[in-house]
Every structure is written in structure tokens, then in C-alpha cells.
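The values are calculated or read from the model by the stated rules, or taken from the named source; none is laboratory data. Just so it is clear, the model here is predicted, and its values are computed rather than measured. Glycine gets a Cβ as well: all are built from the backbone with ideal geometry, and neighbour counts include every protein chain shown. Ligands, DNA and RNA are stripped out before the accessible areas are found, and what is left, the full protein with its side chains, is counted by its heavy atoms. Shrake-Rupley method; radii C 1.70, N 1.55, O 1.52, S 1.80 Å.
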Amino acid sequence: MTAKSKSHEFIRWFDEIDMKDISLVGGKTASLGELTQNLAGKGIRVPSGFGVTAQAYRCFLDENNLVDIIRHQLQGLDANDTSALQQAGQIVRQKFLNAEIPANIQSEILEAYDELAHKRAKQTRPSSDLPQSVSVAVRSSATAEDLPDASFAGQQDSFLNVNGHGELLDACKRCFASLFNDRAISYRQSRDFDHLNVALSLCIQQMVRSDLASSGVMFTIDTESGFKDAVLINASWGLGESIVQGSVNPDEFVLFKPTLLEGKQPILQRHMGSKETKLIYDTDGARMTRTVKVSGTDRRRLCISDDEALQLARWACVIEEHYSQVHKKPTPMDIEWGKDGETGELYILQARPETVKSRLQSDANQLTVYRLQEKGKELIRGRAVGEKVATGTVRVISTVEKLEELREGEILVTDRTDPDWEPFMKKASAVITNRGGRTCHAAIVSRELGLPAVVGTERATSTLKEGETVTLSCAEGEVGRVYEGALAYQKEQIDISSLQVRPKTKIMLNLANPEAAFRLSMIPNDGIGLARVEFIINHMIKVHPMALVHFDRVQNTETRQVIEELTRGHSDKESYFVDSLAEGVGTLAAAFYPKDVIVRMSDFKSNEYANLVGGTEFEPQEENPMIGFRGASRYDHKRYREGFALECRAMKKVRDTMGLTNLKLMIPFCRTLNEGKRVLDAMAKNGLKRGENGLEVYVMCEIPSNVILAEEFAKIFDGFSIGSNDLTQLVLGVDRDSELLADIFDERNEAVKSMISQVIDKAKKAGSKIGICGQAPSDYPEFAHFLVDKGIDSISLNPDSLIKTTLSIGKQEAK
């Protein structure tokens, strides 16, 4: 008879429990049971294991007379008195370590462990009848852990690569003691949880050999903006504790749930982390695990493939859907995963409700926006955690012992944090670390405490000086920046409830930065009326596309080295451009899906193209680039035809591979009808045929010829978007970059308004869509009212003027 078939009082196998058993085995173990029982049939693999019940923990307390010790040490404790907290916690933990696990509990644990070893041996060594041991993870599973409105996860200790009876029992006892880590005590005190009402179960789970491959964490929500349709995956070499602890800067993937579930491959972002070290089994030493350096080759490549990222994301969606049904409400999930280096298979190691962003979403009508009001010298950058701005004095902390030096309101700067730091982190106004990604300990605790943080800067402790004043900004997208000095910033609380009723005129956004897309999509809107790819090319790609197509023609040695470094990790240099542009545009399209996202193909002037890496060797020198070789005239010209083909490949990837068919394309500065036809032919040759798979192609109306021949342009394009900046320049004959003529440049000039009136009338008559994406409606409310009176279909605005203009137009239409 096997151990599993015997009756047992103190252990439960995963396939015997589910989420109704939290009081018995705690949140972590109950969740693994829930996954095993309900989702194995859907292909989700969970390593075998069992839980040691909370009853065993209470028996351990009773048999060793620990209840009175806990009460005596913690009753009336001020959790903000870090010295008293540390002293009390140390006393309680030592009493636990000096105690003995009762014999009957030991017996059940060891019998279940032997059964697990036997099962493992049958899978891997069928001829062996006497397995000596199996490597397991021993994790804590608190009975109040992972509830949707509380986050006890990560507060207690875990032990990996535990082998044999002696190591197992020692790890169990250390897990029991870790219920009284300083952070766990502080957390319960601050939230009025009775220490004796929280019991600890143990989760004993067969190890996945991710020490030979990779592992990580994923969330089914964007952890900073709360965007609900994203899956965020962090991945690094070796065991996953490196990511949780913040020991490494991991790889990061972002995927889009709606089209993923339709069978598409919407990988919106790939960021390669530095992954300097990894945690592996310590096979030769006395420790269970050890940290080693990652080879240069592995550091310079992503540690999971696209197919593996897609598989993990699909599993994440299945898990989220199941737990949402269990909790009877949308339940974003926080999931740990591992890849077995022996079998190549992926496994889910833990799954629990995400407890920070999902809780903050409760008041959907309030939006808090932080904006820097001035620029300063950038000192360092990393991954942004949160969306706030903070100023303060730097306090560099190298060890936990020096945390006592941290003063209220200072900015904590350190290599990384761990659970013991949480009571002290409450004092900080912000956190900056050298290491870690968006799912590391420092990031998670900062979110819980409402602190902005910049993690993974790599050099914060060596760059920032003790006592200097800095400004930390997480309000500029995914990249967090630290600036010199105290910069002025604005905090605005916006009530968006009145924006839920939409005006008849579509109010859209002008947007260029993909990093801001998830956050800005939360403001009520009707999509993106102008997405500028120049921002993505300039800030994310940085290289002239023709320098990638014809790398052999790049002569400058330094330029070649820069291009080689930027394109590292890609199959070829052209794919670097295509993938990077597709990810940027895909993020914009996903953020506003299924609303229209109108992306303008590149409209750099020749002097601006020349400023890209390698650009000078491919651009002409022009006297007046503003009306020179730009826009549509480039696309089928021999100087840029191959560069335009790369742009088309990227847009096709967004629409076909990612499934984001809400992406519409727009052609800028199209001077003649023949030019427009040639561009459409070039697009069709590159897989973007107007009308196919619902593809719409618009044209910018920014040249007088576009107005004069609007009826003809309407026959070859699906709509117009008025570019009031260039149209004003060309109607009035004013260089819009000239300071001397700045007082003449005015979109409200009657000649300009007459041209706009004409093209709106002509578009309406032709049955074409027409909107505006120029600056004027953002700057002048009366100009927006003029457009509404003329019956324009849509107005695209800068984000900072979207709300006030929407309200103004709504009032105008109501009259």
C-alpha cells in the first residue's frame, strides 16, 4: 500500500484539494490543488506535490508551548519601531528553530515524501525500485495568503533543492519560523491581522529542473498602468528566486490577450535583460543552491523562445479565466513558471490573485496624473514601477544593518531589497535599485506601499551620491528616470465620469510614445487619430533603415559598431527594424483595441533622417527639407524604396501576425494623384493591399493640392486627416520653424479656415471620412468648435488637452 492510499491527518496531495481548502492548507497549496484538479485537462502542467496542513502547524505550536511566547513578544508591539520589531521577531524565530516537529507529523511528511520520490523514480528510472530521494521545494502557504484583498505572498521563506529526510524536516521547521520574519510581522500588524489567526501550511512540491533552463513570473495585467488585456512575462536563466529577489535584470515580454485567444501571435514587446547571474543546484557543496555567473552568450540572448512566451501567455489566460469564475469577478493573476532543462517542458509552479493594481482599479472614475513641469539632467534610468513622481534626498544603503540610517522621506538607493527591508521601506519616498525587473521584491513592495520606484538601473549605487537631491519620475512611460535636483511637477486628480458619455464627433488622441499607451488608453477616447512612427524609429530603433538594408555601404567604423550592438540578438539587421517597429506600433494598436489606431507612415525630412545612425550616407543635402524629399515622394524612390518595404513589413506583421486589424495606415505629404497611386502599388507589393482584410489607407490633407483635388484623392484613399501645421505653412507661405515669422503662422487665419472648410465639404460629398490631427484644436478651443460646426468626423488631440476639449465639444453639441 502506498503512502497516498493510507489515511492521513496532516498532509493532503494536490489532487485532493482546491480553493475551498485555504483554511486547511493555505492559499499557495490550495491554488496548486485547484490547478491540478481543474486545469490539467487543458494542458497546464503542475509539478506533483502535497501540502502539510495548518493543523500540523498548530500542533507544532501546542507541543512546543509557542503560543504564549508569541503573545508575550508581539502583544502591543509598535511595528514602526524597527528595533523592537527586529528583537521580538528574532526571539520568536529562535524558539521555533529550537523546537521539534512532533513524531506523528514527521512520519506523515516523510512517508509522503518517499511516495513522491517513488513516483519520480518510476517516471525517470523505471527499473529502480529504491529511490533514495527526490529534489523538492519547500514553501510556506499561509492560511490568509493570496486572498484577493491581501498579499501575504513572499513574506515567508522558501527552500529549493531539498533532498532527503533530514534536509526536508529542517526546511519545514525553518518555514514555520519564517511566519515571524520582520516583514510578515509588520504586514500583519499594519493590517490588524491577529498573528495567531494566521497559520502556516507547507507546500512540498517536486522541483522542476529550471536550474538547467529558465524560469520566471508572469502577470495577467500590466503591473504599472493596470491595463487588463496584457500578459507580462519576466524570464531569466536558472531558478526563479533570482527574479523574485531582484538579483537579476530579467528578460521581459508583453503579450496581448484578446488576439492571443484568437490564435494570433501578439508579442507586443521583448526587452532583453542583462541576466548577469543565475541560481542553480549546489551539487558539490553543503548548500542547496548557489549563484553563478551567466555566460556572455546567454546574457546576449533571450532565455525563452517566442513560442514558449506564447504558450505561457495562453496558459495565463486560461488560469485567469478559471480563477475569475471561482471568485465570481475578474481576477488578474500573479503566476510563477519554470522550464525543465531535462525535458524542455514548461510548468506552472504557483498561481495567486494579483493584489495591488486590481484593488486600485475599484474607483474607475478617478484618474491621477503626474507630469514633470521642467526637464533636468538625467542621471540614470531603469524600469518604472508605478506612475508617480517624487523628489528627495538620496540615502544609499548597502546592507540591511544600515537601514536604521534611512530617514523619513528620503529616496532609498540600494543594490536590491529583500523581505526584511519592508518595515524600513515605509519611510522612503521612493526606491531605486541596481538590479531587478518589474516583478522583483522591490517592485512588488513599492506598489503595495504606493511608492514610485526605478529598478534595474545597474549603477544607481555608484552614480547617485549620498545626500544629493534628485527627482525620480515614473510618469514618462515604462522607462523610469532619475534627474539631478528637485524638479517641479504637477499632480492632477481627474474625475472622468462625465467623459463616459461620448460626443457625436469622435475625440481621438495624437500619440507617438508606445510606453505611454496603456496608461493613456484609460482616459475615455475614440482611438488614435495620429500615431507618429518617427518617435519609434528615433528613440527605439535609432538606425536609418537603409543602413540596415545596405550595411556594407556604412563606412564609419564607430557607426558600424553601434549598429552591430543595437541589432544584437536579431536574425538579421532588417528584422531588427521590422520587429522593433512592429512592437512599437503593435503596443499602440493593442492599447486602444478595437478602436481605430491610425498610423502615419514615416515623415522624417531628409535632414532628420540624416541624424539617425548611419543616415548621413543615405540622405541628400537639401536647401529646404520642409518641402523637399519627404513623405510619399520617398516611398517608391530608389533612395528609400527598400526602407519603405521594411515599414510595410512591420505594419503587415502588426495586422496579420498580431491580429491587430484596428490598425489603419496614413500617407503623409502626398503631392499628386499619381504619387498616391504609386504608393498604394508599392504597399500592395509589400503585402498591404488596400481593402484586403479590412485595410483602410488614409491620406494626410496638408498640401493645397489635397484640397483642390479632394474629390479625386477620395477615389483612391479611404479618408483624409487634415494636417493643419503643414497646411497653414503652405497656404500662408510661412516657414513654420521660423522665429521671425511666428506671429504670422496661425491656423485660425481665414485663408486656412477656408481651405479646411472646402475639404470637409468635399469629403462629405464624396462619402469619405475626414478628421484633423494637427496642433490647432489642442491649442485653441474655438478652432475645435469651428471644426464641429463644419461637421468634421473626428478631432485628434494631444493627451493634455483631451479631457477639457471633450467636455467643451460635448457642451457645444448639446446646445
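Side notes on the structure shown:
- Stretching F193 away from R560 to a fully extended chain increases their span by 126.1 nm, per 0.36 nm per residue minus the current alpha-carbon distance.
- In this structure, the pairs whose alpha-carbon distance is over 28 Å, taken from K764/K811; K28/K95; K653/K753; K278/K652, are K653/K753; K278/K652.
- Segment 449-497: trypsin sites (Lys or Arg not before Pro) falling in loop per DSSP and having at most 14 other Cβ within 10 Å: R459, K465
- Sequence-separation-based contact order of the chain, relative, with Cα cut under 8 Å and 6+ spacing, percent: 9 percent
- Of the residues F180, A488, A632, the one whose Cα sits farthest towards the positive end of the charge dipole of the chain is A632 (charges of +1 on Lys and Arg Cβ, -1 on Asp and Glu Cβ, taken about the Cα centre).
- If R0 is taken as 35 Å, the Cβ-Cβ distance between K815 and S757 corresponds to a FRET efficiency of 0.95.
- The residue list G76, F60, S48 was ranked by how far each Cα lies along the charge dipole of segment 31-89 toward its positive end, using unit charges on Cβ atoms, and S48 comes out on top.
- Three-way shape label, segment 459-609, alpha-carbon gyration tensor, a/c 1.5: oblate
- Length-normalised contact order of segment 215-310 in % [C-alpha pairs under 8 Å, at least 6 apart]: 23 percent
- Per-atom-type breakdown for the chain gives carbon and sulfur 46% of the accessible area (1.4 Å probe, protein chains only).
- Segment 489-577, dipole about Cα centre (Lys/Arg Cβ +1, Asp/Glu Cβ -1), debye to the nearest 20: 340 debye
- Where R287, R519 fall by accessible area, highest first, once all protein chains stay in place (1.4 Å): R287, R519
- Cleavage-rule hits (trypsin sites (Lys or Arg not before Pro)) in segment 40-87: DSSP loop, at most 13 neighbouring Cβ within 10 angstrom: none
- Of the peptides 765-773, 506-514, the order by per-residue mean of other Cβ atoms within 10 Å, starting with the highest, comes out as 506-514, 765-773.
- Listed values for segment 748-765 are Karplus-derived 3J(HN,Hα) couplings in whole Hz (6.51 cos²θ - 1.76 cosθ + 1.60, θ = phi - 60°), namely 7, 4, 4, 5, 5, 4, 5, 5, 5, 4, 4, 6, 5, 4, 5, 5, 4, 4, and x replaces Gly and Pro.
- Sequentially through segment 68-85, phi angles give Karplus couplings (6.51, -1.76, 1.60; θ = phi - 60°) of 5, 5, 4, 4, 4, 7, 10, 5, x, 5, 8, 5, 7, 8, 5, 5, 5, 4 Hz, Gly and Pro residues having no value and appearing as x.
- 5 angstrom amide H check on V294, placed H, neighbours 5+ away: T277, K278
- For segment 558-570, putting each phi into the Karplus relation 6.51 cos²θ - 1.76 cosθ + 1.60 with θ = phi - 60° gives couplings of 5, 4, 4, 5, 4, 5, 4, 5, 5, 8, 4, x, 9 Hz, in residue order, rounded to whole numbers and with x for Gly and Pro.
- Near L509, the amide H atoms lying under 5 Å from its own belong to D526, G527, I528, G529, L530, L797; only residues 5 or more places off or on other chains count, and H is placed 1.01 Å from N.
- For segment 753-815, size of Cβ-based charge dipole, Lys and Arg +1, Asp and Glu -1, in debye: 260 debye
- Rounded if a/c under 1.5, otherwise prolate or oblate - segment 344-487, Cα gyration tensor axes: oblate
- The Cβ shell under 9 Å around S158 holds other residues with a net charge of -1, Lys and Arg each +1, Asp and Glu each -1.
- Pairs of Lys residues in segment 363-513 that lie 8 or more places apart, or on two chains, and have C-alpha atoms under 22 angstrom apart add up to 16.
- Contour excess over end-to-end distance, with Cα ends at E16 and E712 and 0.36 nm allotted per residue: 243.4 nm
- Normalised by 2.2 N^0.38 Å, where N counts its residues, the alpha-carbon radius of gyration of the chain equals 1.06.
- Taking other residues whose beta carbon is less than 14 angstrom from the beta carbon of M658, and scoring Lys, Arg as +1 and Asp, Glu as -1, yields +1.
- Rounded if a/c under 1.5, otherwise prolate or oblate - segment 159-261, Cα gyration tensor axes: oblate
- Taken over the C-alpha atoms, segment 624-782 has Rg and Dmax values of 16.4, 49 angstrom.
- Segment 579-729: relative contact order in percent, alpha carbon pairs under 8 Å with at least 6 residues between: 22 percent
- Put simply, when 574-581, 271-278 are sorted by average Cβ atoms within 10 angstrom per residue, most first, you get 574-581, 271-278.
- Selection from Q350, L302, P330 lying farthest towards where the dipole of segment 302-418 points positive, charges on Cβ: P330
- Share, in percent, of DSSP beta bridges within segment 410-487 that are antiparallel, nearest 5: 40 percent
- About the Cα centre, charge dipole magnitude for the chain (Lys/Arg +1, Asp/Glu -1 at Cβ), debye: 1400 debye
- Accessible area of the chain divided out per residue, in Å², using a probe of 1.4 angstrom: 39 Å²
- Ranked by how many other beta carbons lie within 10 Å on average, peptides 699-711, 161-173 from highest: 699-711, 161-173
- Beta bridges from DSSP with both residues in the chain: antiparallel share about 65 percent, rounded to the nearest 5.
- Folded to 0 to 90 degrees: helix 54-63 orientation relative to the chain principal axis, Cα: 40 degrees
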